[in-house]
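Read the structure below first, then the notes.
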């Protein structure tokens, strides 16, 4: 990489005067010519925006350093301005790609019609429906190269499991053994190493903010074909609002890029919210960004005519004709997935309708508001922004607020106090909940059917 002319001029003069700057990453370090000492107090570099940086422990200015080594300030200023204007000109130009220059490619699949390689997929279902059983069955098949339940071939490879809810010893390993997995090809990312304030090495929690940690894990394992993140809500990071589309996309976009880079199928396990909707994809808990970035959405639902039968049904599919539905039961000791051979003709929308969860704007708003307020008071203006992001009319949310018994209270005693919205009747123990209960269905769900369907108010 070429060195900035400004930086090169300063380095050459420092060397000529015996300061001997040494390269360290993208910077050069040496003694400061203004405050001569024994340490490398001066750091010189150039940022990606073309701006030259001078950092001195004694807080010397760039001009004082330039003057101290006898360089012409006007000459350096001229070089710097020319360099910066060129960078701005380049940064302002459009990046164009002609379709004629694009080589058409076929979609690569881990599981044809269901799990694409190099893309994000979403598995949505309510707690207890068998999502973890299903993903561990998939992991076992990938680890051994055993055919998929529909008879299609499966290429063997390694698997990375990122699981917040299942214990590796008493849950994950026994289930993998029951599904005849190759444990040497299955790895679990349980945390990241960090240093505490005393410099001691400790194990910290992993979130998708640590995307480089995930990239390093993939390179260390090698040939990873399947990545399962279960549930996605536990790994968004504590500062991410799972109901805001831009924040969700900000976390998932780097993950989507890593999926493409590694050519692995990434399955995000998501909870299904309570409420009603026509489109099953709209039942995914949190922002529409989860469904928006996924190329394949699969729904795991109980058969409305057989409580013991689970249905794996297609939702959104951007890359192919949706694959037909499949069914399975969970049987045996230790328990394992038993796939049925008979075809499934019912759709996810029909399951919703048969279970009495058809569309109701009022009911949807009530369930949505309960989800938002499930972890304590939320600023009213923030609730309004979230409603707008999720496509809910504010008047409908206000009616839902009255229906579920939510209240607005002022926080503080001055005119600067904020209006907060809260459900007083919900017993909260925030410190004992998951890191991000706003998207954890088994934590955030308030435990009842829509208030519109009850005569006695909040459950």
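The values are calculated or read from the model by the stated rules, or taken from the named source; none is laboratory data. All values derive from a computational prediction rather than experimental measurement. All Cβ positions, glycine included, derive from the backbone under ideal geometry; neighbour counts span all protein chains shown.
Of the residues making up segment 304-318, none is under 22 Å from residue 158 (Cα atoms) and buried (at least 23 other Cβ atoms within 10 Å of the Cβ).
Does segment 274-281 contain any residue that is within 21 Å of residue 154 (Cα to Cα), in the same structural domain as residue 214 (by TED's automatic domain parsing) and surrounded by fewer than 20 Cβ atoms within 10 Å (Cβ to Cβ)?
Checked segment 274-281: no residue is within 21 Å of residue 154 (Cα to Cα), in the same structural domain as residue 214 (by TED's automatic domain parsing) and surrounded by fewer than 20 Cβ atoms within 10 Å (Cβ to Cβ).
In a residue-by-residue description of segment 96-110, the property of being in contact with a helix residue (DSSP H, G or I) (Cβ under 8 Å, 6 or more places away or on another chain) and modelled with pLDDT of 80 or more applies to at least one position. Going by what's in this entry, would residue 180 be described as assigned by TED's automatic domain parsing to the domain that holds residue 148 and modelled with pLDDT of 90 or more? Considered against the rule, which asks whether it is assigned by TED's automatic domain parsing to the domain that holds residue 148 and modelled with pLDDT of 90 or more, residue 180 comes out as yes. So is residue 371 closer than 29 Å to residue 298 by Cβ, at pLDDT 75 or above and surrounded by 17 or more Cβ atoms within 10 Å (Cβ to Cβ) or not? Answer is yes for this residue. Within segment 354-364, can you find the residues that are modelled with pLDDT of 80 or more and either in contact with a helix residue (DSSP H, G or I) (Cβ under 9 Å, 6 or more places away or on another chain) or under 22 Å from residue 242 (Cβ atoms) (or both)? Passing the criteria: none in range.
Among the residues of segment 296-331, those identified as touching a helix residue (DSSP H, G or I) at 6+ places or on another chain (Cβ under 7 Å) and more than 30 Å from residue 256 (Cβ to Cβ) are 304, 330. Number of residues in segment 240-275 that are assigned to a loop (DSSP other than H, G, I, E, B) and touching a helix residue (DSSP H, G or I) at 6+ places or on another chain (Cβ under 9 Å): the value is 9.
For segment 417-447, the tally of residues that are assigned to a loop (DSSP other than H, G, I, E, B) and either modelled with pLDDT of 65 or more or over 24 Å from residue 239 (Cα atoms) (or both) stands at 5. Candidates in segment 238-252 are the residues that are modelled with pLDDT of 85 or more and more than 21 Å from residue 392 (Cα to Cα); of these, the one that is surrounded by the most Cβ atoms within 10 Å (Cβ to Cβ) is 252. Within segment 167-211, the set of residues being under 17 Å from residue 226 (Cβ atoms) and in contact (Cβ under 8 Å) with a residue 60 or more places away in the chain comprises 175, 179. Within segment 219-237, restricting attention to residues that are more than 12 Å from the chain's Cα centre (by Cα) and surrounded by fewer than 20 Cβ atoms within 10 Å (Cβ to Cβ), the residue that is farthest from residue 172 (Cα to Cα) is 219.
Looking only at residues of segment 196-213 that are in a loop (DSSP other than H, G, I, E, B) and in contact with a strand residue (DSSP E or B) (Cβ under 6 Å, 6 or more places away or on another chain), we find that the one that is farthest from residue 239 (Cα to Cα) is 196. Does at least one position in segment 140-160 carry a residue that is under 25 Å from the mean Cα position of the chain (by Cα), loosely packed, with under 14 Cβ neighbours inside 10 Å and assigned by TED's automatic domain parsing to the domain that holds residue 329? Looking for residues that are under 25 Å from the mean Cα position of the chain (by Cα), loosely packed, with under 14 Cβ neighbours inside 10 Å and assigned by TED's automatic domain parsing to the domain that holds residue 329, one finds none in segment 140-160, hence no.
Residues checked against (1) more than 24 Å from residue 168 (Cα to Cα); (2) assigned to a loop (DSSP other than H, G, I, E, B):
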position	(1), (2)
106	yes, yes
110	yes, no
129	no, yes
134	no, no
